[in-house]
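Beneath this line is the structure, given in structure tokens, with notes to follow.
The values are calculated or read from the model by the stated rules, or taken from the named source; none is laboratory data. What you are looking at is a predicted structure, and each value in this text was computed from that prediction instead of being measured. When we count neighbours, we look across all protein chains shown, and the Cβ atoms used for this are built from the backbone with ideal geometry, even at glycine.
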Amino acid sequence: MLLQFNATNFGAFQDTFSLSLTPAKITEFPDSLITDTDDTSVLPLAGFYGANGCGKSTVLKALDYLSRCILSPRLAMAEDHTFSFHHGSSDAPTEFELLFRAGKTEYDYQLKLRQGAVLEENLFARGFADPSYDVVFDRDSEGVYLGELVDGVDVSALEDDTPMLAFLIQQTRLSWLPAVTAFFEKISWMSCSDLSEELLAPYLADSRALKKLLGLIMRLDLSVTDIYREDAEIFCVHTIGKASYALPLSSEGRGVRQLLLLCALVQQKLSAGGVLLADDIHLYLHPRALRFVLSLFTSRRYNKAGAQLLFTSYDMPTMHNSLLRRDEIWLIEKDADQRASLYTLALFIKENGEKVRKDEIYYKQFLEGRYGAAPRIDEVK
């Protein structure tokens, strides 16, 4: 489970942004929270709203990039994601901090990079009942300190362009690593403007999984009752009354295809857990269909694996007090120098000095510019 994620000098953010999935002290929707074995609660959703080009996608891409640095360091470390609108940013370090839970352990992972090289890296761990963290490893320019969990590991082959955590995953068989590896492997990035038909492939090979997916789809007022592949093409079977009709998936309307493919990925997360990063999740979807998708993550009946959804959207009806908690609504605003800042509605202070109430119509106030994060448009007179 993801608890908190911080990043500095990445994409639209020159300064540090901090995303917390720990619930604020507010009262709405307590039954929607994900609860761990020690009764710690985390948020299942985080939605990002703001003007075009403000940096909404950047938050998701930063977490995806950190995950790729751990799982595919040779490719990811060569990329440059430093802040674009300051000449000195490319020489400044990019920093990450990730607080997460894997298995029965909570981890605090910190990574500082510059131009494809690791400057500093730390990993701390604690059991749920432990009051403080223990050092797993501590890496800086002077070398690597090995804690008890990695004592005796040979790090002589560790290169500057490889994170220590990635090295451990590739080179060792430590007992606690599979759970940590699984956490990063279950961070999935998807751009809803470019969904692949191959999202359905796992379901075509597993009849039980397909049955679950079809059960989900049929709740969305679609007539699709079966999906199969023939001659390398995927077909959807529509049942109208007593008759059935098979249509190629490529012939379906864009909205139907979008909903089918999105549901495939959502069902995968609901079954296996993990963090889904969905950019532009609203594309081609009716607002009620999108509300349904979001509600799957807040339902303890459907979200038994503790899956979390981080999404960007321009769909205003979903920014509503009947669906999202104030701490699940995140706004991003950029200043005159194009530097983005991230803040949650739960902590926002309005111009009158008051906090946002849970009975406000959030999207209406947002569109009126009362929460900030609005584009500076010179309206046509």
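Computed quantities for the displayed model
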quantity	calculated
Residue in segment 21-28 that is under 18 Å from the mean Cα position of the chain (by Cα), under 20 Å from MET190 (Cβ atoms) and buried (at least 18 other Cβ atoms within 10 Å of the Cβ) present	yes
The one condition in (1) of a type outside the set (A, V, I, L, M, F, W, C); (2) within 23 Å of MET316 (Cα to Cα); (3) surrounded by 17 or more Cβ atoms within 10 Å (Cβ to Cβ) that ARG254 fails to fulfil	(3)
Qualifying residue in segment 186-205 (condition: among the aliphatic types (A, V, I, L, M), in contact with a Phe, Trp or Tyr (Cβ under 7 Å, 6 or more places away or on another chain) and closer than 27 Å to LEU277 by Cβ)	yes
Identity of the residue in segment 277-317, of a type in the set (S, T, N, Q) and farther than 22 Å from SER41 by Cβ, that ends up surrounded by the fewest Cβ atoms within 10 Å (Cβ to Cβ)	SER313
Strands (runs of 3 or more DSSP E) lying entirely in segment 104-211 (those with 3 or more residues that are closer than 26 Å to THR35 by Cβ)	105-114, 117-127
Breaking point among (1) more than 30 Å from LEU149 (Cβ to Cβ); (2) modelled with pLDDT of 95 or more, for GLU185	(1)
Residue in segment 318-340 that is free of Cβ contacts under 8 Å to residues at least 60 places away in the same chain and among the basic types (Lys, Arg) present	no
Hits in segment 225-243 - residues which are assigned to a loop (DSSP other than H, G, I, E, B) and of a type in the set (A, V, I, L, M)	ALA232
The lone exception for SER72 - which of (1) surrounded by fewer than 17 Cβ atoms within 10 Å (Cβ to Cβ); (2) within 30 Å of GLU360 (Cβ to Cβ) it fails	(2)
Single condition HIS282 does not satisfy, out of (1) at pLDDT 95 or above; (2) in contact with a Phe, Trp or Tyr (Cβ under 7 Å, 6 or more places away or on another chain); (3) part of a loop (DSSP other than H, G, I, E, B)	(1)
Of residues in segment 193-249 being among the small types (Gly, Ala, Ser) and touching a residue at least 40 places away in the same chain (Cβ under 8 Å), the one surrounded by the most Cβ atoms within 10 Å (Cβ to Cβ)	ALA209
